[in-house]
Structures are given as structure tokens and as C-alpha cells.
Amino acid sequence: MSSVLSAQLKSQAYKIWYLQLLGVLAVSALSFIWGWQSAYSVLVGGFVQLLPAWVLIQFGFKHAGARAAKKIVQNFFFGEFLKIFLTIILFVIVFKYIPVSIGFLFIGFGASLLMFWIAPVIVKRKPLND
């Protein structure tokens, strides 16, 4: 039962992640009106949020079940730490080495975060079959 629940939750996390990706791609396509640099900057900003979120999904759903509760919590804390750390590192790399439009970069980052809050309304959890 616990592995079924874990698989279902991981599947939902991936669905939310994919919706975030679609949101960033849509905003990037819209920002192409202002030129390729704007669209590219939106994609980079979305990537700065999406890559660390993917890492969190990998760590957060590594274990399942009541016996693994302590390990689950540890993995989520470690995954969240990595998410924040990677976000900082990616922003530093982008600001230092990648020529982007800063405004559009943050629009892409914000679009991904906004989709994180909207996506759970779209992806509703199905009840488990007993």
C-alpha cells in the first residue's frame, strides 16, 4: 500500500513539474514578441527553477512507508536544501556567464513558481483503491 501511495504521489509531483514546464514554454513563446533574447531569458529563468525542483522530486520520493518515515523526512529536508542551493548556484552562473534580459529572466522564474501554485488545482489526487 505504501509503495502504491508513494508512486502515486511521485506521479503527481511529475505532473505538476510538467505543467510548470509547459507554463514556462508558453510564457517564453509569448515573450518572443519582444525578440529571441526575451524568449531565451524566460527559458533560462524557468530552467533555474525547474532543475532544482526536479532534484527535489528525486530525493523526496526515494522511500515510502511508515517504517521509512524518518528517512522520508531526511530526504525531503536534504532535497529542499539542494533545491535552494542549486537555485542560488544557477542564478550566480546565469548572472555571471549568460547574457540574458534580467526582467525576462525573472518572468520565467516567476512563471514557473506561479504554475507550481496553480498546477495542484489542475492535477487532483485520485483516491486509492483498497
The stretch 53-104: number of residues that are modelled with pLDDT under 80, outside any helix (DSSP H, G or I) and among the hydrophobic types (A, V, I, L, M, F, W, C): 2
Unique residue being touching a Lys or Arg at 6+ places or on another chain (Cβ under 9 Å) and buried (at least 16 other Cβ atoms within 10 Å of the Cβ) when the list is Gly45, Gly60: Gly60
Given (1) at pLDDT below 95; (2) over 15 Å from Phe109 (Cα atoms), number of the condition Trp34 does not satisfy: (1)
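The values are calculated or read from the model by the stated rules, or taken from the named source; none is laboratory data. For clarity, every value in this text was computed on a predicted model and none was experimentally measured. Because the Cβ atoms are built from the backbone with ideal geometry, glycine has one as well, and the counts that use them run over all protein chains shown.
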